[in-house]
Amino acid sequence: MLTKAFIPYGGYYSSPFARWQGSFANENAIVLGANTAKRWCEEKQWDPAMLDYLFLGITVGQHYVFYGSTWAAHMMGAGHIPGVTVMQACSTSTTCIFQAGMGVETGMLDTPFLLAADRCSNGPHTIWPNPKGPGGQVESEDWVMDHFGFDPSAKGAMIQTAENVAGEVGITREQCDEVALRRYQQYVDALADDRAFQKRYMFPVEIQVSRKKTISVEADEGVMETTAEGLARLRPVLPDGAHTFGSQTHPADGNIGMLVTTRERAKELSSDPGIDVQVVSYGHHRTKKGFMAMAVVPACQMALDKAGVDIADVKVIKTHNPFAANDVYMAGEMGIDVMGFNNYGSSLVFGHPQGPTAARCIIEGIEEAAILGGGYVLFGGCAAGDTAGALLLKIG
């Protein structure tokens, strides 16, 4: 349990998430993320010189990722600080926040910054030498699609892990469709009053198309309207499976930024000094091979147990739910209403750029809790390799 790590209220942003092969498809995710973070700091009148460490969360290789964290810091205007690059698939930013919090807790760090950026679009194609290849043949790997399609430990695709869980516990196609429809309706709530909820945290991305033309992407791109009738018409992704393309997430591109610091510094930098955002505890787990969704529950329970908090005491729950069965399973195991969490959106609807996904969910959870007058926020999400990460925060 942490006691000294805080996030300034408003000390974070998420870019819009752009659909796969959309507006961000040709941008280096590190450059786009660093430039967006720099513009955001300028708008807040924050001097990057105050930062003392950078956690770069990224999972899909980009040009110069070898220098990722220090290069990003330089582009942000914080070229004086060291950093580390963290890759943990969908749990990347969850772990980055916790590591930044641990740095503050131990006194090693004072004002670390998290930048998580990924571009699933136009992913790299890796060529590996094969000394035994006849005629100088090589081995190749599509960084994104090959990894979505095959886990070398479980020997199957991501979608198969969700179907394994659905089959073992009896989650039906109808349940998945109902959850997918509810999640879309919750996302639509975030669009009310000219996107009032999203504008609490979302920061536009600028893309230079040419020397004379720059475009601004201000809202999510690629969210599909969802109806019960439309879901019912879709075929299962796998034969006789519980999931269609309407009840699973889609690859996307985007970035997020977040500052973690001491309580005193957080109050100085907060857009509302009356609101504390405390990083309380972290949980992790790895479940049996090929059953990824099951890992989320014990990870969440670990985070709760570390803090001595019961699930009934949590005000806001957010999840990374690449498949609708994830939420159905979690709700059943933890005794909560599957229709009652993930208000205002989730990765099932707005997409999954990998590294920044969890942090966007956490940011939305902070804002929802602030609207509700404070309370505990629990985030839990699965990650490749049948693992999961969870984070508990206290807003007050």
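Each reported figure results from applying straightforward, stated rules to the coordinates on display, with no laboratory input. The model shown is predicted, which means the values in this text are computed figures rather than measured ones. Here Cβ is always computed from backbone atoms with ideal geometry, including for glycine, and neighbour counts include all displayed protein chains.
At a Förster radius of 51 Å, what calculated FRET efficiency corresponds to the Cβ-Cβ distance of D313 and Y64, to the nearest 0.05?
Working: r = 45 Å, r/R0 = 0.88.
About 0.70, to the nearest 0.05.
Once the other residues with Cβ under 14 Å from the Cβ of D151 are scored (Lys, Arg +1; Asp, Glu -1), what is the net sum?
Details: positive: K155, R286, K288, K289; negative: E141, D146, E163, D386.
Within the 14 Å Cβ shell, the charges total 0.
Given bins 5 angstrom wide, list per bin the percent of all Cα-Cα distances in segment 253-333, short to long.
With 5 Å bins starting at 0, P(r) equals 3, 11, 17, 18, 17, 17, 9, 6, 2, 0.
Tell me which lysines have Cα within less than 16 Å of K318's Cα, excluding those fewer than 8 residues away on the same chain?
Qualifying lysines at Cα under 16 Å: K394.
In segment 1-74, what is the volume of the convex hull around the alpha carbon atoms, normalised per residue and reported in Å³?
Values: hull volume 10.6 nm³, N = 74.
Taking the convex hull of the Cα positions in segment 1-74, it is 143 Å³ per residue.
More than 20 Å apart: what percent of Cα pairs in segment 319-374 qualify? It would help to have the intermediate numbers written out before the result.
Working: 414 of 1540 pairs.
Of all Cα-Cα distances in segment 319-374, 27 percent exceed 20 Å.
Restricting to Cα pairs below 8 Å that are 6+ residues apart, what does the relative contact order work out to for the chain? Please round to a whole percent. Present the calculation step by step, with values, prior to reporting the outcome.
Details: 963 pairs, mean separation 109.1, N = 396.
Relative CO of the chain lands at 28 percent.
Principal axis lengths of segment 162-304 from Cα atoms, whole Å, largest first?
53, 45, 32
Could you work out the local net charge near N343, counting Lys and Arg as +1, Asp and Glu as -1, over the other residues with Cβ closer than 9 Å to its Cβ? Provide the component values of the computation, followed by the final result.
Values: positive: K318; negative: D189, E364, E368.
Combined, the nearby Lys, Arg, Asp and Glu give -2.
Where Lys and Arg each count +1 and Asp and Glu each count -1, what net charge lies around G68 among other residues with Cβ under 14 Å from its Cβ? Display every interim value, and only then the final one.
Values: positive: R119; negative: D118.
Residues near G68 contribute 0 overall.
Taking just the alpha-carbon atoms of segment 301-396, what radius of gyration and Dmax come out, in angstrom?
12.4, 37
What is the set of long-range amide H partners of N255 at a cut-off below 5 Å, with H atoms built 1.01 Å from backbone N?
Excluding prolines and chain starts, which carry no amide H, the hits are S15.
Determine the principal axes of the Cα atoms in the chain, then give the extent along each, sorted from largest to smallest and rounded to whole angstroms.
61, 55, 41
Could you pull out every residue, at least 5 positions away or on a different chain, whose amide H is within less than 5 Å of the one on L54? Hs are placed 1.01 Å off N in the peptide plane, and Pro or chain starts have none.
When sequence neighbours closer than 5 places are left aside, the close amide H contacts are G83, V84, F113.
Which of these, R19, R119, R195, has the largest mean-square fluctuation under a Gaussian network model of the chain (Cα springs below 10 Å)?
R195
Need one number: % antiparallel among DSSP beta bridges in the chain, to the nearest 5. Please report the intermediate quantities before stating the final value.
On the way: 44 of 62 bridges.
Roughly 70 percent of the DSSP beta bridges within the chain come out antiparallel.
As a quick test, which of the pairs K38/K315; K155/K288; K199/K306; K4/K38 have an alpha carbon distance above 23 angstrom in this structure? It would help to have the intermediate numbers written out before the result.
On the way: K38/K315 33 Å; K155/K288 12 Å; K199/K306 33 Å; K4/K38 26 Å.
Listed pairs above 23 Å: K38/K315; K199/K306; K4/K38.
Mind checking which helices in the chain clear 15 Å along their axis (Cα) and have mean Kyte-Doolittle hydropathy of 0.5 or more, DSSP H runs only?
Values: long enough: 29-44 (22 Å, -0.27); 92-106 (21 Å, 0.42); 158-169 (18 Å, 0.28); 173-189 (25 Å, -1.42); 296-307 (17 Å, 0.79); 324-334 (16 Å, 0.11); 357-371 (22 Å, 0.77).
Once both thresholds are applied, what remains is 296-307, 357-371.
Give the dimensionless ratio obtained when the Cα radius of gyration of segment 1-154 is divided by 2.2 N^0.38 Å. Write out the running numbers ahead of the final one.
Working: Rg = 17.8 Å, N = 154, 2.2 N^0.38 = 14.9 Å.
Dividing the Cα radius of gyration by 2.2 N^0.38 Å gives 1.19.
Quick one: 3J(HN,Hα) in Hz for segment 53-65, Karplus 6.51/-1.76/1.60 with θ = phi - 60°, rounded, Gly and Pro as x.
Going residue by residue, I get 6, 10, 9, 9, x, 8, 10, 10, x, 10, 4, 6, 5 Hz, with x marking Gly and Pro.
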